[in-house]
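Engineer: Following this message is one structure expressed as structure tokens.
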Amino acid sequence: MGLLDRILRVIRANLNDLVGKAEDPEKILEQVVLEMQDELIQMRQAVAQAIATHKRTERQAAQAEATAAEWYRRAELALQKGEEPLAREALSRRKSYTETAEAMKAQLGQQATVVEQLKQNMRKLESKIYEAKTKKDLYIARARSAKATQQINDILGKVGSGSALEAFERMEEKVFQLEAQADAAAELSGSSLEGRIAALGQADEIDDELAEMKLRLVEGTSTGQLLGSEDTSRSPAQGVNPSS
């Protein structure tokens, strides 16, 4: 368990260091997962080595037991042949191999515990890596979404302020001004045309009034002349009557 804790502490330290440098979250997460996978490879190698050591110790223990048994048979044979000193030497050799086998059996128990602990740590790390990969994809998606949102906000911020917006507003005001000028020109043009048409109507009225005036003058003259002739024809009679 201590090895796994050390690995996780190293990973967290590396992650904090990368975050502190304000690097790309996507790259950070990818790097962390790669480091965890490298640690898993090393742990698998350690488990494989521990298993190999355990098996080698088993073979050595079995071989020591077999050798001890062989020396025991040799001691029996020597004793049967009356070679008691030789039998004693064989038993001494047997005892040495028996002690070696017993020591190796004790190591086998310790090694089995280590192997099992390493396997548990390896399974935990595999689970952590699976969890990290799942969260990595989620965090990468969230980081990309946040980055896209930030880019949009930056664009909107640039559009909402500065020379770009001022230029846009100037062009908008220019368009309004051009439209107002066009409307004024159209209004003036229409007023001039209406005035000319109205003037034509007034000219016709004046001509009609002038013609009527001429007619009245002609009629007035004719009436005046007629009245003058009548006065002349009556004047002698009027002149005789007073004198008579």
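The values are calculated or read from the model by the stated rules, or taken from the named source; none is laboratory data. Since we're looking at a predicted model, the values are computed, not measured. No Cβ is skipped: glycine too gets one built from the backbone with ideal geometry, and neighbour counts run over all protein chains shown.
Engineer: When M43 is evaluated against the numbered criteria (1) within 29 Å of G109 (Cα to Cα); (2) at pLDDT below 90; (3) more than 60 Å from the chain's Cα centre (by Cα), which criterion, by number, is the only one it fails?
Structural biologist: The failed condition is (3).
Engineer: Within the set of pairs 6+ apart or on separate chains, which have a first residue in the range 122-139 that is in contact (Cβ under 8 Å) with a residue 60 or more places away in the chain, a second that is outside any helix (DSSP H, G or I), and C-beta atoms under 9 Å apart?
Structural biologist: Partner pairs satisfying both residue conditions: K124/M1.
Engineer: Being at pLDDT 90 or above, surrounded by 13 or more Cβ atoms within 10 Å (Cβ to Cβ) and not polar (S, T, N, Q) narrows it down to one residue among E89, E35; which is it?
Structural biologist: Going through E89, E35 in turn, just one is at pLDDT 90 or above, surrounded by 13 or more Cβ atoms within 10 Å (Cβ to Cβ) and not polar (S, T, N, Q): E89.
Engineer: Looking at the structure I just gave you, is A103 without any contact (Cβ under 8 Å) to a residue 24 or more places away in the chain, surrounded by 12 or more Cβ atoms within 10 Å (Cβ to Cβ) and either on the phi > 0 side of the Ramachandran plot or in a helix (DSSP H, G or I) (or both)?
Structural biologist: Yes, satisfied.
Engineer: Looking at the range 43-70, which of its residues are surrounded by 14 or more Cβ atoms within 10 Å (Cβ to Cβ) and over 26 Å from S96 (Cα atoms)?
Structural biologist: M43, R44, A46, V47, A50, I51
Engineer: When the range 46-78 is examined, which residues are found to be more than 52 Å from the chain's Cα centre (by Cα), closer than 30 Å to I129 by Cα and free of Cβ contacts under 8 Å to residues at least 40 places away in the same chain?
Structural biologist: K55
Engineer: Right, next: Only one of (1) more than 11 Å from V33 (Cα to Cα); (2) in contact with a helix residue (DSSP H, G or I) (Cβ under 8 Å, 6 or more places away or on another chain); (3) surrounded by fewer than 17 Cβ atoms within 10 Å (Cβ to Cβ) is not met by Q111, so which one is it?
Structural biologist: (3)
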